[in-house]
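Undergrad: Pasting a structure below so you can have a look.
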Amino acid sequence: VETLVRWQHQTDGLLFPDRFIPVIEAGGLSGRLANAVLAGALRDAQRWSATGLHLRLAINVAMDNLTELGFPDEVAQALADAGVPTSGLVLEITESQATRDRLKLLDISSRLRLKHIGLSIDDFGTGFSSLAQLRDIPFDELKLDRDFVHGVGRDPALRAMVQANIGMARELQLRTVAEGVEDRSDWDCLRDLGCE
């Protein structure tokens, strides 16, 4: 399951991230938001686990977190406190984030992977793609963007692109996740192509 942040505003109703994340980033608060989302997700995971439902959590992570050397230890401690195994968490890093401060990102991501915390490259194929990211950063998951997934069952060009990405991921021993599956045709096509 992926944890998605939303803001229930008193007067404006439900706000999606595009309305408030830029303000949070400009104010230097994205790390604090990520920590709050992680804490909430782990509380949910505890409740689900108590009922016998063990789900892997996926959480978007802020670049602010990925430059803090203590971040991997903080995440591991939060998981331990919640009784969630480190293998039960995947931190999603967008392609655009992976292009910034690559040396620091490699350091932090390696520390996370050594703790068996999953790392996913999110929004793959949306314009910031670099095969060097897949080579250099220890991702264990490639997340196909919905722009390539929606309609894949009917569009031969999309199918070819998705098939190529899944094949590459398989060769790199990366799990594949597709976002934006909205109908049976896309689901069946992705299954046929070997997307997990």
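The values are calculated or read from the model by the stated rules, or taken from the named source; none is laboratory data. This is a predicted model, so every value here is computed, not measured. Neighbour counts are summed over all protein chains in view; Cβ atoms, including those assigned to glycine, are modelled from backbone coordinates with ideal geometry. Only protein heavy atoms, including side chains, enter the accessible area calculation; ligands, DNA and RNA are left aside. Shrake-Rupley method; radii C 1.70, N 1.55, O 1.52, S 1.80 Å.
Undergrad: Test Arg154 against the criterion of being more than 20 Å from Thr86 (Cβ to Cβ), assigned to a loop (DSSP other than H, G, I, E, B) and open to solvent by 40 Å² or more (accessible area, probe 1.4 Å), and give yes or no. Explain how you work it out, then say what you get.
TA: Details: more than 20 Å from Thr86 (Cβ to Cβ): yes; assigned to a loop (DSSP other than H, G, I, E, B): yes; open to solvent by 40 Å² or more (accessible area, probe 1.4 Å): yes.
Against the criterion (more than 20 Å from Thr86 (Cβ to Cβ), assigned to a loop (DSSP other than H, G, I, E, B) and open to solvent by 40 Å² or more (accessible area, probe 1.4 Å)), Arg154 qualifies.
Undergrad: Further question on the same structure: Can you give me the ranges of the helices (runs of 4 or more DSSP H) entirely in region 6-112 with at least 1 residues that are among the acidic types (Asp, Glu) and closer than 22 Å to Glu179 by Cβ? Before the answer, list the steps.
TA: Numbers: elements: 17-26, 30-50, 71-82, 95-98.
Helices (runs of 4 or more DSSP H) meeting the threshold: 17-26, 30-50, 95-98.
Undergrad: I'd like to know if region 2-13 contains one or more residues that are under 24 Å from Gly118 (Cβ atoms), open to solvent by 80 Å² or more (accessible area, probe 1.4 Å) and of a type in the set (A, V, I, L, M).
TA: Yes, region 2-13 has at least one match.
Undergrad: Moving on. Does any residue of region 170-179 turn out to be open to solvent by less than 20 Å² (accessible area, probe 1.4 Å), polar (S, T, N, Q) and part of a helix (DSSP H, G or I)?
TA: No - not one qualifying residue is present in region 170-179.
Undergrad: Could you check region 96-125 and list, in sequence order, the residues that are modelled with pLDDT under 80, surrounded by 14 or more Cβ atoms within 10 Å (Cβ to Cβ) and within 23 Å of Val149 (Cα to Cα)?
TA: Gln97, Ala98, Asp123, Phe124, Gly125
Undergrad: Out of the residues in region 17-54 that are open to solvent by 50 Å² or more (accessible area, probe 1.4 Å) and either in contact with a helix residue (DSSP H, G or I) (Cβ under 8 Å, 6 or more places away or on another chain) or among the basic types (Lys, Arg) (or both), which is farthest from Thr86 (Cα to Cα)?
TA: Going through the qualifying residues, I end up with Arg19.
Undergrad: Further question on the same structure: Quick one: in region 55-95, which of the residues that are of a type in the set (Asp, Glu) and modelled with pLDDT under 90 is least open to solvent (accessible area, probe 1.4 Å)?
TA: Selected residue: Glu95.
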